[in-house]
Every structure is written in C-alpha cells, then in structure tokens.
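Each reported figure results from applying straightforward, stated rules to the coordinates on display, with no laboratory input. Note that this is a predicted model, so its numbers are computed, not measured. Glycine gets a Cβ as well: all are built from the backbone with ideal geometry, and neighbour counts include every protein chain shown.
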Amino acid sequence: MNIPEDKYREIEELISSDESVVGIDAKKTHILILHMLQQIQDRLDSVESRLEVIEDQVDA
C-alpha cells in the first residue's frame, strides 16, 4: 500500500499517543477505522441505489 507522506503524517498525528506502550491510541484508531468504513458503506449504498434506478430505466 502506497500512502502519500502527507496523508501518512496526518493519520499518524490522529492516532498517536504518548501514553500508550505501542504509541497509538487503540480506541481512537478503531473509531477512525469504523467511521471510515461507515462512509464507504454509505457511498456504496448510494451507488447501488443509483444503479437500481438505471437498471429499472433500462428494463422499462
């Protein structure tokens, strides 16, 4: 996976934690991942809905 340096640093800043042994805030990291997955799901639902409309128009 190739992540641009600026995006890498942005994500690193979001999830880093000096208080954690591993250097990241696990709760914040999981919330970020789940939020992004929800955004992907919402976009997929939208695309599927639009595809259904197009398919209905073609079938009509």
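Okay, here's what the table says:
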| item | result |
| --- | --- |
| Subset of region 1-50 (residues that are in contact (Cβ under 8 Å) with a residue 12 or more places away in the chain and either of a type in the set (Ser, Thr, Tyr) or loosely packed, with under 11 Cβ neighbours inside 10 Å (or both)) | THR29 |
| Unmet requirement for VAL58, which otherwise passes all of (1) surrounded by 10 or more Cβ atoms within 10 Å (Cβ to Cβ); (2) of a type in the set (A, V, I, L, M, F, W, C); (3) assigned to a helix (DSSP H, G or I) | (1) |
| Selection from region 1-25 of residues that are within 16 Å of the chain's Cα centre (by Cα) and not in a loop (DSSP other than H, G, I, E, B) | LYS7, TYR8, GLU10, ILE11, GLU12, LEU14, ILE15 |
| Number of the condition not met by LEU32 [criteria: (1) in contact with a helix residue (DSSP H, G or I) (Cβ under 7 Å, 6 or more places away or on another chain); (2) in a loop (DSSP other than H, G, I, E, B); (3) not charged (D, E, K, R)] | (2) |
